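Accompanying notes for the structure given below.
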Amino acid sequence: MNDSIVSLVDKYHLIAAFAVIGLAMYVAYWMSRNLTGGRLHGSAIAIIIGLALAYVGGITTGGSHGLADVTLFSGLALMGGGMLRDLAIIATAYGVRLQEVKKAGLRGVVALFLGVLVSFVAGAVVAVGFGYTDPVDITTIAAGAVTYIVGPVTGATLGASSEVIALSIAAGLVKSILTMIATPLTAKWIGLDNPRSAMIFGGMIGTTSGVAAGLAATDARLVPYGAMTATFYTGLGILLAPTLLFLGVRAIF
Amino acid sequence: MVIYGVALLAGCMLAGLIIGDVLGQLLGIDANLGGVGIAMLLLIFLTGYLKDRGKLPEATESGINFWNAMYIPIVVAMAASQNVAAAFSGGLVAILAGTLAVVLGLALVPVLTGKKVDDAAPLDARPPSHPPTGR
């Protein structure tokens, strides 16, 4: 009986994911209303619940997809995977006014370059602080602080060791997860309540999943603006980290 | 029909991703350069064009709006399938590098945004003649 239910849920994994996420959203919005008096968005709580469950899933299964590695919840990987996420992000652009994008466009581009540079330098400083002296290691860890995709791509290009590449992925994951949690909490201080600052935020932080979830937890209307710039960030990082930025690091060390 | 909206969305996504892919190849990087952002711009242009000509009926719109409304649940599912365990097992180097990048990035947002001017006004503070983009 139990086995057949498990295999049924496993077979219809995407449908099960819809039901599970719906339930999690209900609980999160209930908590937002009744426990925080609406001060913390329901979506922020839902994302934090998701991350906590992902941690539990990762610890218990040893897999790399959080809760989605638990058989019953395997549909989460499809529902929250890149394909549907990008489709939904693009759909948020419906209703965006182009003047807003144009007005903040130049600042958005500046934020993109500055964002990659600042994250890279932050990662490099920490790597050097922990005693790394090889330019390849420093660059790979620094690239990981850009995003968890830029890190391994850069490491592979430069021929970094697998431990350093793993470290760079972890740095990128920390950045992404911290962005999800810290964005709604700091939004007021950094003025994240209008299309312009959202575009700049997307360029400065850049990690797509972090920006997507952070803005969703702050104000869903800001998502298209932040996502618009963030979508160029990883590509720009992959372009700059193993080339210009690596040469910069090598010139210093 | 609802599928027209979904197909329009899917078409924009594929076109944007193809353009992003070509851009990446031109620059010699193994990544899609801004495909999603290009798709967003395509969707804005196309729906604006169709709307001006009255060729975007409500049913078509609802095909796009459904995925728009599914955004937050999808992001929650994404959060639940993140490799959180690996982020914590990376040790202090990874945690500090990631944290410093976020702190500096967030701190620079107000610097780049500059003074609060008209076009950087909060969405909530808009006069009714400019309704907030909405959901």
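Coordinate-derived values only; no laboratory data. From a predicted model like this one, the values you see are computed outputs, not experimental measurements. Because the Cβ atoms are built from the backbone with ideal geometry, glycine has one as well, and the counts that use them run over all protein chains shown.
Once you charge only the Cβ atoms, +1 for Lys and Arg and -1 for Asp and Glu, what is the size of the charge dipole of the protein assembly as shown about its Cα centre, to the nearest 20 debye?
Its charge dipole is roughly 1040 debye.
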Compute the distance from the alpha-carbon center of segment A:187-206 to that of segment B:84-114, in whole Å. 15 Å
Helix-only mean residue ellipticity at 222 nm for chain B, each DSSP H run of n ≥ 4 adding -39500 (n - 2.57), per residue, nearest 500: -23000 deg cm²/dmol
What is the packing order of peptides B:53-62, A:231-240, A:198-207, B:18-27, taking the mean over residues of other C-beta atoms within 10 Å and listing the highest first? A:198-207, A:231-240, B:18-27, B:53-62
Compute, for chain B, the length of the dipole vector about the Cα centre, with Cβ point charges of +1 (Lys, Arg) and -1 (Asp, Glu) only. Units Debye, rounded to 20. 220 debye
Dipole magnitude of segment A:98-252, debye to nearest 20 (Cβ charges: Lys/Arg +1, Asp/Glu -1, about Cα centre): 480 debye
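When the Kirkwood hydrodynamic radius is evaluated over all pairs of different C-alpha atoms of segment A:112-207, what value in angstrom, to one decimal, is obtained?
For segment A:112-207, inverting the mean 1/r across all distinct Cα pairs yields 13.6 Å.
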Below 8 Å between Cα atoms, with a sequence gap of 6+, how large is the relative contact order for segment A:2-80 in percent? 35 percent
Taking N as the number of residues in segment A:2-80, what is its Cα Rg relative to 2.2 N^0.38 Å? 1.18
Hey, if you put +1 on the Cβ of every Lys and Arg and -1 on every Asp and Glu Cβ in the protein assembly as shown, which of A:79, A:61, A:35 ends up farthest toward the positive end of that dipole? A:35
Using alpha-carbon pairs under 8 Å, 6+ residues apart, how would you state the relative contact order of chain B in percent? 21 percent
Rg/Rh for segment A:140-253 to two decimals, with Rh computed the Kirkwood way over all alpha-carbon pairs. 1.04
Among B:42, B:105, A:95, whose Cα lies farthest out toward the positive end of the dipole of the protein assembly as shown, if unit charges sit on the beta carbon of Lys, Arg (+1) and Asp, Glu (-1)? A:95
How many percent of the alpha carbon pairs in chain B exceed a separation of 20 Å? 70 percent
Viscosity 0.692 mPa s, temperature 37 °C: what is the translational diffusion coefficient of the protein assembly as shown from Stokes-Einstein with a Kirkwood Rh over Cα pairs, rounded to a whole number of µm²/s? 156 µm²/s
